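Okay, structure first, notes after.
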Amino acid sequence: MASLLQLLHLIFSISFLLVCGIATSNYQTPKPYVVYMGSTSSSNNELGSDQVAESAYMQLLSSIIPSEDQNERRSLIHHYNYAFKGFSAMLTENEASILSGHPDIVSVFPDSVLQLHTTRSWDFLETETGILRASATYNKHVSSDVIIGMIDTGIWPECPSFNDKGIGEIPSRWKGVCIEGHDFKLSNCNRKLIGARYYPTPEMNSINGSKMSPAAGKTSSGSPRDYVDHGTHTASTAGGFPVVNASYYGLAGGTARGGFPSARIASYKACSKVGCSSSSLLKAFDDALKDGVDIISVSIGADNFFLSDYKNDPIAIGAFHAENMGVMVACSGGNDGPFSHTIKNTAPWIFTVAASSIDRDFRSTIQLGNGKTFRGSAINLSNLTKKRTYPLVFGKDIASNFTPTYEARNCRPGSLDPEKAAGKIVVCVDNDPSISRNIKKLVVEDMEAIGIIFISEAEKDVPYDSGTFPFVQVGSVEGLQILNYINSTKDPRATILPTVEIPRYKPAPVVAYFSSRGPAQQAENILKPDIMAPGVAILAGTIPRTDEPGSVPVGKKPAQFAIRSGTSMSCPHVTGAASLIKSVHPGWTPSMIKSALMTTATVRDNVGKPLTKGSGKSANPHEMGAGEISPLKALHPGLVFETTTTDYLRFLCYYGYSEKDIRSISNTNFSCPSNSIKELISDINYPSISIANLSRNQTAAKTIQRTVTNVGLSNATYIAKVHAPVGLVVDVFPQKLVFLKGVTKLSYNVSFFGKTAPSGYNFGSLTWFDGRHSVRTVFTVNVHD
């Protein structure tokens, strides 16, 4: 009731401002905005409170919208009232500014568009036998009642990954629904797919600024059904039912299954092919928490041009309230690698995931007219054979009239002469990163060329799916030899053979080229990404592709599975692993599950060497976080780091938020520490340590405290071992943790002294070992003069 009184007070306050003439009468184009008002009170979850809150939001909207616009704009796009308060609506810039200045509102921000971060992987992680062993050992505790909420592009319910064979009745605590649509029936849901919602949102031209009412701007899909493929793929990766003899037209054959096959899935369609509106994402979070999900998976994020402050970031807002209600949120870290400071979804209450390769590759052979062959990266379903070769040309040699050579070399749209390209295999290079592989392929294909050889070091270990069109990518060494061949003969010829699978590939895992890197732009004193998981060439469920020419081989039916790459694919791997842990340890908090996966992560590949990135150089924590997930080990971590709500609220204090905003966000009377500076962010009880600023001239060491909880055997003794780079002095006190009977929590200090350390980031780790468990904490320390 108190929050509703605050709303009424807000209405009268804003009305007064308008009467006083603070709002300008100059016409401005209304745009979608989100009005975030912080955490709800427990009374807001009572029966009927949703309708009361919606009515109050409508009164608030009426108080600020001019009377002449009431009929067109007096409507909410979404309203939120379960985990947090607020709404989205069409507002002018002035109206948004007035609302943002009121003390009862935390933030008002544009309804911006966030982007999608777009089998064998689970075998590689050793969870197939792990899950079976875990099920046999913990058959009294493993539960099929873990519910995964997938916020994505919807779901294709006919995909065999969502079969409910052998799964018990839907948990009685489930409060969600399956919403029917013109192409989605209640019967499409089952004991596996237990929930499906969708969110009509303003069209992109409305979000981008043209005048349109919410009613006119609703999407026409009107259904939870996935027409993009992204949501179906991620959901089946996280919790798909095992499907034998699955493959992508014969590639990646085997049993396709999710990380925790007995998990329930609830789909929240908040995105389309063009992206995801902030307001729809927040509504999906609020509904998922109201419905009763246990884990939320979000393979979505802002692009580099729209990185938001935490209280203006819909994913950070939704995830904070989820964490506060005991629901873990795993998010993709983004696909803007290999550049530093590109990692997304970096709030400490989010489990941020980087992407890696697995021990399987896909290669296609190029055979030149002189008999020489080269293998390159590809997923093509070409019908070309060794028996026939085709004319081979370099893009610059078939440039259209008045086209710069530079553009033709890169196969830019409009740069090639169609007559000279037709019937030939075209070689393109990658001097212009703004022209993607997909665009180059479409340019060449549109000119009725036979195929394309793409020369590029970037993403050469991330196979591109070109459908039936012959495509292959080679590195610069092989590419130079192919170009030399073209220049050495009057009639250069070649063919591109269909892709074959390379099993047991080594080394693996390797950090994916595209995987976004840390440190985080917003707060370098929290290490991001947190963890790494498979995200390259992942086989999982898909939607039938019949509308894309060349996507289905002649005489074949549309595939039920597809191969995709991205941190969008690595995120649901972590979601699945977390679901497994949740089923065995239902009482563990999200931070305990996160800690278990981070401190047991592996940092060695399948040849026993330290993990690397595509260049062959060693990977560091800004690229792989704590390392590659090892779900079976995470079931028995020994010790865990519990990061509490108080830790997160202190983080907001240290980050610079006002006490007033933090109290609204948390619905508490929390008081910030008197000394609240960004350097203290390192002190929150996180499973890793990051120090963004360690001066070489400091006379005293920088000391960080951590507290661990024993979830293993009692009467355990752990000994500390430090791995630090030369010059960085790292000391631990005490060096021994003794958990006597009845003692479950102990604290220790780690000090860092960098007088002789090299400048820049130094990486290392601290491992606690009791003879059975190795609890590894990575640290990153930025040393400067």
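The values are calculated or read from the model by the stated rules, or taken from the named source; none is laboratory data. The model shown is predicted, which means the values in this text are computed figures rather than measured ones. FYI the Cβ positions are ideal-geometry reconstructions off the backbone, even for glycines, and counts take in every protein chain you see. These accessible areas exclude ligands, DNA and RNA; they are computed on the full protein's heavy atoms, side chains included. Shrake-Rupley method; radii C 1.70, N 1.55, O 1.52, S 1.80 Å.
Here are some notes:
- Distance violations [Cα-Cα > 32 Å] among 440/556; 396/617; 31/660; 528/721: 396/617
- Using a simple spin-label model with pseudo-atoms 7 Å out from Cα toward Cβ, residue 784 and residue 715 lie 5.2 nm apart.
- This model, with +1 at the C-beta of Lys and Arg and -1 at the C-beta of Asp and Glu, gives the chain a dipole about its Cα centre of some 2260 debye.
- Distance from region 685-724 to region 354-374 (C-alpha centre basis), Å: 44
- Taking the square roots of 5 times each eigenvalue of the Cα gyration tensor of region 432-510, largest first, gives ellipsoid semi-axes of 22, 17, 14 Å.
- Placing a pseudo-label 7 Å from each Cα along the Cα-to-Cβ vector at residue 607 and residue 484 gives an inter-label distance of 2.5 nm.
- Applying both filters, DSSP loop and at most 12 other Cβ atoms within 10 Å, to the trypsin sites (Lys or Arg not before Pro) of region 725-785 gives 741, 772.
- DSSP bridge pairs, region 366-494: antiparallel proportion in percent, nearest 5: 35
- For the residue pairs 311/594; 609/736; 165/613; 290/594; 290/678, alpha carbon separations beyond 32 Å are given by 165/613; 290/678.
- Sequence-distant lysines (8 or more away, or on other chains) whose Cα lies within less than 20 Å of residue 387: 372, 424
- Summary value for region 366-494: 34 percent relative contact order, contacts being C-alpha pairs under 8 angstrom separated by 6+ residues.
- Positive dipole terminus of region 241-299, leading residue within 247, 277, 293 (C-beta point charges): 247
- Carbon and sulfur %, accessible surface of the chain computed with the full protein complex present, 1.4 Å: 52
- Between residue 190 and residue 615, full extension at 0.36 nm per residue minus the direct alpha carbon distance yields a gain of 148.4 nm.
- q = 0.05, 0.07 Å⁻¹, the chain: log10 I(q)/I(0) [Debye, one scatterer per Cα]: -0.27, -0.54
- Among the trypsin sites (Lys or Arg not before Pro) in region 615-721, those placed in a DSSP loop whose Cβ has at most 15 other Cβ atoms within 10 Å are 617, 696.
- Cα convex hull of region 670-785, projected area averaged across orientations, nm²: 8.3
- Extension reserve of the residue 546-residue 341 stretch, reckoned as 0.36 nm per residue once the Cα distance is removed: 69.9 nm
- At R0 = 45 Å, FRET efficiency that the Cβ-Cβ distance of residue 436 and residue 741 yields, to 0.05: 0.15
- Projecting the Cα positions of 351, 511, 603 onto the charge dipole of the chain (unit charges on Cβ atoms of Lys, Arg, Asp and Glu, taken about the Cα centre) puts 603 furthest along the positive direction.
- Scanning residues 5 or more positions from residue 696 or on other chains, those with amide H under 5 Å from its amide H are 784, 785, with H placed 1.01 Å from N in the peptide plane.
- Per residue of the chain, the DSSP helices (runs of n ≥ 4 H) give a summed -39500 (n - 2.57) that works out to -7000 deg cm²/dmol at 222 nm.
- FRET efficiency, residue 491 to residue 158 (Cβ-Cβ, R0 60 Å, nearest 0.05): 0.75
- Where both bridge residues fall in the chain, DSSP classifies roughly 60% of the beta bridges as antiparallel.
- Dipole of the chain [Lys/Arg +1, Asp/Glu -1 at C-beta], most positive-end residue of 481, 541, 693: 481
- For residue 633, a cut-off of 19 angstrom between C-alpha atoms picks up these aspartates and glutamates, skipping any fewer than 8 places away in its own chain: 123, 126, 128, 530, 605, 642, 770.
- Computed packing ranks the peptides 480-492, 173-185 as 173-185, 480-492, most packed first, by mean other Cβ atoms within 10 Å.
- Quarter of the Cα convex hull surface for region 366-494, i.e. its orientation-mean projected area (nm²): 7.0
- The chain, accessible area per residue, ligands and nucleic acids excluded (1.4 Å, Å²): 39
- Distance between the modelled labels on residue 54 and residue 100, one decimal in nanometres: 2.9 nm (7 Å Cα→Cβ projection).
- If the chain linking residue 756 and residue 679 were pulled fully straight, counting 0.36 nm for each residue of separation and taking away their Cα-Cα distance, it would gain 25.6 nm.
- Here region 222-336 is treated with +1 on each Lys and Arg Cβ and -1 on each Asp and Glu Cβ, and its dipole about the Cα centre works out to around 360 debye.
- Remark: region 366-494 carries a charge dipole of roughly 520 debye about the Cα centre, counting +1 on each Lys and Arg Cβ and -1 on each Asp and Glu Cβ.
- In this calculation the C-beta distance from residue 41 to residue 405 is compared with R0 = 56 Å, giving a FRET efficiency of 0.25.
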